[in-house]
1. When residues of region 69-115 are filtered for being among the hydrophobic types (A, V, I, L, M, F, W, C) and modelled with pLDDT under 85, how many remain?
2. So which residues in region 374-391 are part of a loop (DSSP other than H, G, I, E, B), open to solvent by 10 Å² or more (accessible area, probe 1.4 Å) and either modelled with pLDDT of 95 or more or over 24 Å from residue 456 (Cα atoms) (or both)?
3. Among (1) within 30 Å of residue 86 (Cβ to Cβ); (2) at pLDDT below 90; (3) of a type outside the set (Phe, Trp, Tyr); (4) in contact with a Gly (Cβ under 9 Å, 6 or more places away or on another chain), there is one condition residue 210 misses while meeting the rest; what is its number?
4. Which condition does residue 146 not pass, out of (1) closer than 23 Å to residue 200 by Cα; (2) open to solvent by 30 Å² or more (accessible area, probe 1.4 Å), if it passes all the others?
5. Do we have any residue at all in region 337-354 that's at pLDDT 75 or above, under 30 Å from residue 251 (Cα atoms) and under 35 Å from the mean Cα position of the chain (by Cα)?
6. Would you check if residue 161 is under 25 Å from residue 74 (Cβ atoms) and at pLDDT 90 or above?
7. Among the candidates 145, 185, single out the residue that is touching a helix residue (DSSP H, G or I) at 6+ places or on another chain (Cβ under 9 Å), closer than 22 Å to residue 76 by Cα and not hydroxyl-bearing (Ser, Thr, Tyr).
8. Could you list, in sequence order, the residues of region 303-350 that are farther than 16 Å from residue 244 by Cβ, of a type in the set (Gly, Ala, Ser), touching a residue at least 24 places away in the same chain (Cβ under 8 Å) and assigned to a loop (DSSP other than H, G, I, E, B)?
Amino acid sequence: VAEVKLRDDQYTLEHMHAFGMYNYLHCDSWYQDSVYYIDNLGRIMNLTVMLDTALGKPREVFRLPTDLTACDNRLCASVHFTSSSWVTLSDGTGRLYVIGTGDRGNSTPEKWEIMFNEELGSPFIIIHSISLLKAEEHSIATLLLRIEKEELDMKGSGFYVSLEWVTISKKNKDKKYEIIKRDTLHGKSVPHYAAIEPDGTGLMIVSYKSFKFVQVGQDLEENMDEDMSEKIKGPLYYWQQTEDDLTITIQLPEDSTKEDILVQFLPDHINIMLRDHRFLEGKLYSSIDHESSTWIIKENNSLEISLIKKNEGLTWPELVVGDKQGELLRDSAQCAAIAERLMHLTSEELNPNPDKEKPPCNAQELEECDIFFEESSSLCRFDGSTLKTTHVVNLGSNQYLFSVIVDPKEMPCFCLRHDVDALLWQPHSSKQDDMWEHIATFNALGYVQASKRDKKFFTCAPNYSYAALCECLRRVFIYRQPTPMSTVLYNRKEGRQVGQVAKQQVASLETSDPILGFQATNERLFVLTTKNLFLIKVNTEN
């Protein structure tokens with residue numbers, strides 16, 4: 001296997017995450033039980049399961065045209081199966097290939113053909129790609145990851161992570177493929193998960209540090225400055241509410257007079273103009289009595305607007321729908337009332353009733369390995385056209401475990417730890433309200449995996465029948481879903497009969513070479529080391 005070891009200047013944790021822990025075994029999720037790796041001669045080798053337990057001989061499907069050893073700062077070659085007949089490929093020197101493979105599923109070996117090949121700057125690895133067909137136009141969108149040295153900012157490790165979203169397209173039959181769009185995001189940590197949505201309209205990233213799009217040619221420094229100035233500005237206005245009215249306070253520019261101000265009240269709309277500039281306009285959260293609403297300029301040069309609520313007693317979560325420029329001020333009585341309403345959810349005692357059916361989680365029972373060192377990751381969705389964040393989910397203590405392709409036409413799923421379990425989530429970009437669907441649960445897997453301090457790769461079967469992880473050397477752990485028992489088993493403590501048992505197994509490989517690749521299909525686990533490919537039969541058909 002063409003393993004590329006980390007160089008002396010790739011010493012950070014991020015380099016280790018992205019390149020040192022790279023999975024050199026690639027599973028073709030469109031045709032299960034067919035795996036690929038790239039060897040030292042730059043050949044892409046394919047192995048397919050022929051009979052139930054027999055692997056076919058490795059066969060070469062493609063050879064990289066360039067001599068890779070000549071490039072000093074190269075990374076590992078990476079490949080991504082874009083669709084059932086397209087593949088994106090990087091040779092690790094900064095060149096991107098888009099390859100038409102024909103239908104890979106048929107028995108006659110297909111010829112892989114380069115459809116696009118271009119130098120795209122410094123070396124990168126491919127982390128995701130999709131194929132889109134709209135009318136006559138076919139395009140391939142791919143996500144490239146680089147770790148670049150910061151020339152100016154030497155805080156932290158002195159490196160930043162760059163994700164480049166490149167779209168290559170061909171308008172009609174006789175044209176050739178060319179790049180039509182390149183956008184770059186920068187962040188300070190290697191994303192756990194990054195994928196383009198199937199329709200190419202957005203991008204989802206799970207990462208420890210946040211990412212943001214940067215304009216080409218604009219330094220990171222400027223970005224940071226803008227960020228700071230935005231933060232320092234503070235809210236545009238402050239507002240308060242009681243049971244029956246709302247008060248908005250706006251600090252006016254120096255020497256403002258009554259003539260500079262225009263306030264229009266409508267039953268569910270407000271418009272505030274300052275010196276002919278629109279200050280605040282929009283639909284109110286709920287209706288007001290617009291005839292009784294007033295405004296006044298106070299002595300401290302602030303404008304105070306009073307709105308009378310139509311529905312008394314209704315608490316407004318926001319003043320103007322969708323407006324984030326104001327800050328709600330609550331008085332202590334309101335805060336006390338809210339705390340009172342939430343009282344029933346909490347308890348003064350640490351663990352008031354430990355014997356009941358579902359005891360609360362007790363922090364004192366956590367073991368050292370459960371304490372998760374990253375404060376918290378977040379899941380962000382970026383819009384492809386505006387390049388702005390549309391959704392942010394703070395994952396809090398829900399540690400990211402792994403990602404897996406369940407349906408190749410959908411985005412990859414990601415698995416998060418929830419208390420002691422591991423839950424698998426399938427993103428659906430098309431469903432705005434229900435963007436992440438919970439599709440499977442691995443009971444107690446979150447707890448069990450925490451003790452495996454040497455784990456290198458982690459995955460599960462596309463049909464969720466088992467999860468598996470491997471260490472850097474030799475050992476593979478398989479965690480099966482609960483299955484009915486053939487014999488009778490009782491729980492000693494409670495005396496109740498146990499109907500199902502989830503088995504876990506350990507496989508030990510007969511090799512001292514490090515594990516370089518790991519893939520799971522519904523029936524088999526493939527484990528790649530420097531010189532061998534091991535096949536573990538986990539399930540039979542039924």
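The values are calculated or read from the model by the stated rules, or taken from the named source; none is laboratory data. Here the structure is a predicted model, which means the values were calculated and not measured. Here the Cβ is made from the backbone with ideal geometry for all residues, glycine too, and neighbour counts use every protein chain on show. These area figures cover heavy atoms from the full protein model, side chains too; ligands, DNA and RNA do not enter into them. Shrake-Rupley method; radii C 1.70, N 1.55, O 1.52, S 1.80 Å.
1. Total meeting the criteria: 2.
2. Within region 374-391, 385, 386, 387, 388 qualify.
3. It is condition (1) that residue 210 fails.
4. Going through (1) closer than 23 Å to residue 200 by Cα; (2) open to solvent by 30 Å² or more (accessible area, probe 1.4 Å) one by one, residue 146 breaks only (2).
5. The answer is yes; a qualifying residue exists.
6. yes
7. Every option except 145 fails the conditions.
8. 322, the sole residue that qualifies.
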